[in-house]
Amino acid sequence: MKHINIYTLFLLMAAATLTACKKEEVKPQRMVVAKPEPPKPMGTQQLDSQDRTEVHAWRGNEYTVSIKRSADESMPVVDDGTGVKYYDNRITVSVKRADGSSFYSRTFTKNDFSSFLSSAAMKSRVLYAITLHEVSNEALQFVACVGSPDASSDDYQLLEIRLSADGSERIKETAILDREVVDDEV
């Protein structure tokens with residue numbers, strides 16, 4: 001009788017297990033996802049202001065070269081192509097003699113390079129940087145970068161500003177490919 005009770009108990013447990021695990025019908029679930037909101041328009045952006053001063057020996061004398069970049073809200077705003085708007089920049093280059101007297105001073109804007117730039121570049125690029133690239137006996141060679149205000153972009157054009165010992169300047173396109181020129185702060 002004990003064998004029958006164990007078998008009966010086993011069969012009852014199996015039957016209970018099978019009836020308890022009835023297959024449920026899977027209904028498709030609707031996922032509710034919020035529509036992505038378009039990015040909220042940001043205010044007009046600007047590159048950080050920069051102020052860099054270095055002393056260089058040139059033609060047997062010391063000269064102090066100062067380069068200052070600042071955003072200019074009075075100039076036309078630039079659209080970087082992604083809808084982000086930026087103020088363009090003014091960059092002042094100043095070269096002073098050892099006695100503090102001015103040898104050269106000029107404030108540059110992108111318009112000073114317009115003869116080298118396409119109309120699309122004039123609308124989508126800023127005057128990004130000017131840096132002293134080389135000091136030779138004949139001249140101080142600066143490189144100007146007009147490019148996308150987005151620092152991660154490689155959309156830029158380099159222009160040479162050659163300052164002669166007599167104080168005259170000449171601007172021309174350059175093929176300098178030294179990435180360090182563009183990466184300099186100003």
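Tabulated results
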| quantity | calculated |
| --- | --- |
| Residues satisfying the stated conditions in the stretch 39-70, i.e. of a type in the set (A, V, I, L, M, F, W, C), at pLDDT below 95 and open to solvent by 60 Å² or more (accessible area, probe 1.4 Å) | MET42 |
| Subset of the stretch 118-128 [modelled with pLDDT under 95 and open to solvent by less than 30 Å² (accessible area, probe 1.4 Å)] | ALA121 |
| Enumeration of residues in the stretch 115-139 that are without any contact (Cβ under 8 Å) to a residue 24 or more places away in the chain and either touching a helix residue (DSSP H, G or I) at 6+ places or on another chain (Cβ under 9 Å) or not in a strand (DSSP E or B) (or both) | SER115, SER118, SER119, ALA120, MET122, SER136 |
| Residue within the stretch 62-79 that is closer than 28 Å to ALA165 by Cβ and among the polar types (S, T, N, Q) present | yes |
| Test set (1) in contact with a Leu (Cβ under 9 Å, 6 or more places away or on another chain); (2) small (Gly, Ala, Ser); (3) open to solvent by 60 Å² or more (accessible area, probe 1.4 Å) - ALA139 fails condition number | (3) |
| Hey, THR174 β-branched (Val, Ile, Thr) and at pLDDT 95 or above or not | no |
| Qualifying residue in the stretch 141-148 (condition: under 20 Å from GLN46 (Cβ atoms) and touching a residue at least 60 places away in the same chain (Cβ under 8 Å)) | yes |
| Sole exception among (1) among the small types (Gly, Ala, Ser); (2) modelled with pLDDT of 90 or more; (3) over 17 Å from ARG170 (Cα atoms); (4) not in a helix (DSSP H, G or I) for ALA144, by number | (3) |
| Positions within the stretch 100-114 being assigned to a strand (DSSP E or B) and either open to solvent by less than 50 Å² (accessible area, probe 1.4 Å) or out of contact with any Lys or Arg (no Cβ under 8 Å at 6 or more places or on another chain) (or both), in sequence order | PHE103, TYR104, SER105, ARG106, PHE108 |
| Whichever residue in the stretch 148-163 is assigned to a strand (DSSP E or B) and under 15 Å from ALA175 (Cα atoms) and, among such residues, is nearest to the chain's Cα centre (by Cα) | TYR156 |
| Qualifying residues in the stretch 71-99 (those that are modelled with pLDDT of 95 or more and among the basic types (Lys, Arg)) - the one surrounded by the fewest Cβ atoms within 10 Å (Cβ to Cβ) | ARG97 |
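The values are calculated or read from the model by the stated rules, or taken from the named source; none is laboratory data. Note that the coordinates shown come from a computational prediction; the quantities given were computed from them, not determined experimentally. Glycine gets a Cβ as well: all are built from the backbone with ideal geometry, and neighbour counts include every protein chain shown. These accessible areas exclude ligands, DNA and RNA; they are computed on the full protein's heavy atoms, side chains included. Shrake-Rupley method; radii C 1.70, N 1.55, O 1.52, S 1.80 Å.
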